[in-house]
Amino acid sequence: MNIILLGPPGAGKGTQAGRLVSDRNMVQLSTGDMLRAARTSGTEMGKIVADVMDRGDLVTDEIVIGLIKEQLESGKTGGGFIFDGFPRTLQQADALGALMDEMGLTLDHVIEMQVNDEVLVKRIVGRAEEARKAGQPVRADDNEESLKVRLLAYYKQTSPLIGYYYAKGMLKSLDGLGTIEQVSKDIASILDA
Ligand code: ADP
């Protein structure tokens, strides 16, 4: 079973992906995590992506498609892939489709986590506040300014994927504002249907 978790920043994709990894031995492919790892590696690519990410803009399709391709070809499949934060543009979605076709993989569900924008902003700014108080590291892009850019990028570049996957008959939408437990249950009922 291979799925995409789709939704704006702060919708809880990473949390749910983490649960699917432990509950179902799925393999989480988070381009955000891959890019954060790349930026700390000190490579040329890392330096390029760091600025873009801190601003809240999207990294080029070429870079993220390359990262995903590398992971898909690494041979680790487990109980299937969870694409988390990818694809984020129509071009990435097309590239993923082509890559999966080539590899004989199918995309089973695209799960859209719907959240109200006001709640989103509160969640992300709150998450940064809590981390700061606890003396934990705060993501450089978890501030109101970058968040505005990230939300805009989502609506401009990523939300067209909702229609794209709906037309392909793969879209399942759920209320991302429920408790973590409730959202997990909703995802489970999609996967086990
Ligand atoms: P969030 O979902 O909380 O916005 P992510 O961890 O998924 O954060 O991504 C953080 C940043 O990494 C994005 O704002 C963007 O700059 C970059 N990024 C992640 N995934 C992609 C992608 N598929 N395409 C382009 N840029 C990406």
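Between Met100 and Thr60, residue separation times 0.36 nm minus the direct Cα-Cα distance comes to 12.4 nm. For the Cα trace of the chain, dividing Rg by the Kirkwood Rh returns an Rg/Rh value of 0.94. Summed over all non-identical Cα pairs, the Kirkwood treatment of the range 30-79 gives a radius of 11.4 Å.
Straight Cα distances below 25 angstrom link Lys13 to the lysines Lys69, Lys76, Lys122, Lys133, Lys148, Lys156, Lys168, Lys172, Lys185, with same-chain residues fewer than 8 positions distant left out. Computed from label points 7 Å out along Cα-Cβ, the spacing between Arg123 and Ser173 is 1.6 nm. Residues whose amide H falls under 5 Å from that of Ser30, counting only those 5 or more places apart or on a different chain, are Asp84, with hydrogens built in the peptide plane.
Laboratory data are not the source of any read-out in this text; all were calculated from the coordinates shown. All figures in this text were calculated on a predicted structure; none of them were measured in a lab. Reconstructed Cβ throughout: ideal geometry from the backbone, glycine too, with neighbour counts over all protein chains shown.
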